Amino acid sequence: MAVLETGGVIAFPTISFYGLGADALNKNAFFRVFHFKGRPYSQPLPLFIPDASWVEILAAHVDVRSRRLMEHFWPGGLTLVFRARADVAPYLLSSDFTIGLRVPSHPVPAGILSLLNRPMTGTSANLTGSPPCTTASCVCASFPIHPDLILDGGHTPGQGASTVVNVTSYPFRIIRQGLISKEDILAVVG
């Protein structure tokens, strides 16, 4: 926890690939993740949140269908993109004032978040444009500058990234098909 609390960047296993985490409410730490990945600032970072209660803090509006998706697929492999509240720090938002949120189901990030009790970045541990990592050794080999801490949780399944759904208007728009199918989403939202 000390690494995150002092602005560090960590790598950790998730249900699909290794992720890069930093305290999202620490602006310097947040931007270090962009630096590590070589990611353009125009590509927003999704956030892992400790639980669904953080949606009320970060999202301007949560409709009934969005709540159904949260209840059904969180924790898990679904990232929901909401319109952000006006008081959310602008650096956390995309250019259209949205924010991507996910409650992870893997015990490592879930445990970190329960102790940190605030959002952290939830992006894959790889250079932008490179394949994501399924091992800690891949994380070590992928970055010219290593994260401050790499939590070796063994080999991850690597079966796909999270599904990303924009829930700012209905019908919802699937931005990225991943672990959760379009059919499963439609079955929940009707």
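The values are calculated or read from the model by the stated rules, or taken from the named source; none is laboratory data. Model, not experiment: these values are computed from the prediction. All Cβ positions, even for glycine, are placed from backbone atoms using ideal geometry, and neighbour counts span all protein chains on display. What goes into the accessible areas is simple: the full protein's heavy atoms, side chains included, and nothing from ligands, DNA or RNA. Shrake-Rupley method; radii C 1.70, N 1.55, O 1.52, S 1.80 Å.
Using only helices, what value at 222 nm comes out for the chain when you add -39,500 (n - 2.57) per DSSP H run of length 4 or more and divide by the total residues, to the nearest 500 deg cm²/dmol?
Calculated mean residue ellipticity at 222 nm is -8000 deg cm²/dmol.
In Å², what does the accessible area per residue of the chain work out to with a 1.4 Å probe?
I get 46 Å² per residue for the chain.
Pairing rule first: another cysteine's C-beta must sit under 4.7 Å. Under that rule, which cysteines of the chain stay single?
So far as the 4.7 Å Cβ criterion goes, Cys140 stand without a partner in the chain.
Restricting to the chain, compute how many DSSP beta bridges are antiparallel as a %, nearest 5.
70
Explain nothing, just the number: dipole magnitude of region 1-146 about its Cα centre with +1 on each Lys and Arg Cβ and -1 on each Asp and Glu Cβ, in debye rounded to the nearest 20.
It works out to roughly 220 debye.
At most 16 other Cβ atoms within 10 Å and a DSSP loop assignment: could you name the trypsin sites (Lys or Arg not before Pro) in region 42-150 that fit?
Details: sites: Arg65, Arg67, Arg68, Arg83, Arg85, Arg102; in loops: Arg85.
Passing sites in region 42-150 are Arg85.
Net charge around His61, counting only other residues with Cβ within less than 12 Å of its Cβ (Lys, Arg = +1; Asp, Glu = -1)?
+2
Quick check: residue separation of Val88 and Glu183 times 0.36 nm, minus the Cα distance between them. What number comes out in nm?
Using 0.36 nm per residue and subtracting the Cα-Cα distance, I get 31.0 nm.
Enumerate the amide H contacts of Thr123 below 5 Å, restricted to partners 5 or more residues apart or on another chain; note that Pro and chain-start residues carry no placed amide H.
Those qualifying (amide H under 5 Å, at least 5 residues apart or on another chain) are Leu20.
Can you pull the one-decimal nm distance between simple spin-label points at Ser169 and Thr128, each 7 Å off the Cα toward Cβ?
The modelled label-to-label distance comes out at 2.7 nm.
Each residue of region 83-95 in order: what ³J(HN,Hα) in whole Hz does its phi give by Karplus 6.51 cos²θ - 1.76 cosθ + 1.60, θ = phi - 60°, with x for Gly and Pro?
Going residue by residue, I get 6, 7, 5, 5, 8, 6, 3, x, 5, 7, 9, 7, 5 Hz, with x marking Gly and Pro.
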